[in-house]
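Enquirer: Shown below is the structure under consideration.
The values are calculated or read from the model by the stated rules, or taken from the named source; none is laboratory data. A quick note: this is a predicted structure, and the numbers were derived from the prediction, not measured. Cβ sites come from the backbone with ideal geometry, for glycine too, and all protein chains shown count toward neighbours.
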Amino acid sequence: MIKQVDKVEFSSVIAGILVCEFVDKGKNITFKAKGNSMLPFIKDGDTIKIAPYIENTPEVGDIVAYIDSNTRKLVVHRLIQLSEEQFIAKGDNCLHRDGPQFTTDILGYVVNIHQGLVLLKKMITFLSLIRGSLILGMAVKRLGSRNEF
């Protein structure tokens, strides 16, 4: 007789391997978040969906899933600095940022967050629009301060 299992828990290392397998094939993966580093946006036990970067590229402000190059554990944090070869991320609820990581270690980004019955997909889209507006506003302000008009 086969026993049905409702819940299986994995270590962060095994979770990272599973996420790698899915995103390498261009597939999304959904799992429950563990920890409080992304409070209040992502809570312990929220269901999050990670999608691979296929048609777009990572941007500062994205919540990304990556494999920490030191611990080899899966981390889901917000990008705060990004260059062609490296990035720095930070949990929203953390005082300190993560150490520099290689951009090749980014697996994908959070596209959905389920908090109980609430889906925060619209909130992610809204925050992305705000981020874009803020970046555009800073660029316009910088151009305006040059007095080249």
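Enquirer: Could you give me the residue pairs with C-beta distances under 6 Å whose first residue belongs to the stretch 31-51 and is farther than 19 Å from Ile14 by Cβ, whose second residue is of a type in the set (D, E, K, R) and surrounded by fewer than 16 Cβ atoms within 10 Å (Cβ to Cβ) wherever it lies, and which are 6+ apart or on separate chains?
Expert: The qualifying pairs are Asn36/Asp44; Met38/Asp92; Phe41/Asp92.
Enquirer: Moving to a separate point now. Go over the candidates Lys25, Lys32 one by one and state the one that is loosely packed, with under 15 Cβ neighbours inside 10 Å, in contact with a Gly (Cβ under 6 Å, 6 or more places away or on another chain) and not small (Gly, Ala, Ser).
Expert: Lys32
Enquirer: Quickly run through the stretch 42-52 and pick out the residues that are within 25 Å of Ser83 (Cα to Cα) and part of a loop (DSSP other than H, G, I, E, B).
Expert: Hit for the stretch 42-52 is Pro52, nothing else.
Enquirer: Separate question: Any residue in the stretch 105-116 that is surrounded by 15 or more Cβ atoms within 10 Å (Cβ to Cβ), aromatic (Phe, Trp, Tyr) and assigned to a loop (DSSP other than H, G, I, E, B)?
Expert: No; the residues of the stretch 105-116 include none that is surrounded by 15 or more Cβ atoms within 10 Å (Cβ to Cβ), aromatic (Phe, Trp, Tyr) and assigned to a loop (DSSP other than H, G, I, E, B).
Enquirer: May I pose another question? Would you mind finding the one in Glu84, Glu55, Glu21 that is of a type in the set (Asp, Glu), modelled with pLDDT of 90 or more and either farther than 24 Å from Gln115 by Cβ or not in a loop (DSSP other than H, G, I, E, B) (or both)?
Expert: Among Glu84, Glu55, Glu21, only Glu84 is of a type in the set (Asp, Glu), modelled with pLDDT of 90 or more and either farther than 24 Å from Gln115 by Cβ or not in a loop (DSSP other than H, G, I, E, B) (or both).
Enquirer: Further question on the same structure: Identify all residues within the stretch 24-41 that are hydrophobic (A, V, I, L, M, F, W, C) and either in a helix (DSSP H, G or I) or under 15 Å from Gln115 (Cβ atoms) (or both); write none if there are none.
Expert: The answer is Phe31, Ala33, Met38, Leu39, Phe41.
Enquirer: Let me ask something else about it. For the stretch 58-70, which positions are under 17 Å from Ser83 (Cβ atoms), assigned to a loop (DSSP other than H, G, I, E, B) and either aromatic (Phe, Trp, Tyr) or at pLDDT 90 or above (or both)?
Expert: Pro58, Glu59, Val60, Gly61, Asp62 - these are the residues of the stretch 58-70 that are under 17 Å from Ser83 (Cβ atoms), assigned to a loop (DSSP other than H, G, I, E, B) and either aromatic (Phe, Trp, Tyr) or at pLDDT 90 or above (or both).
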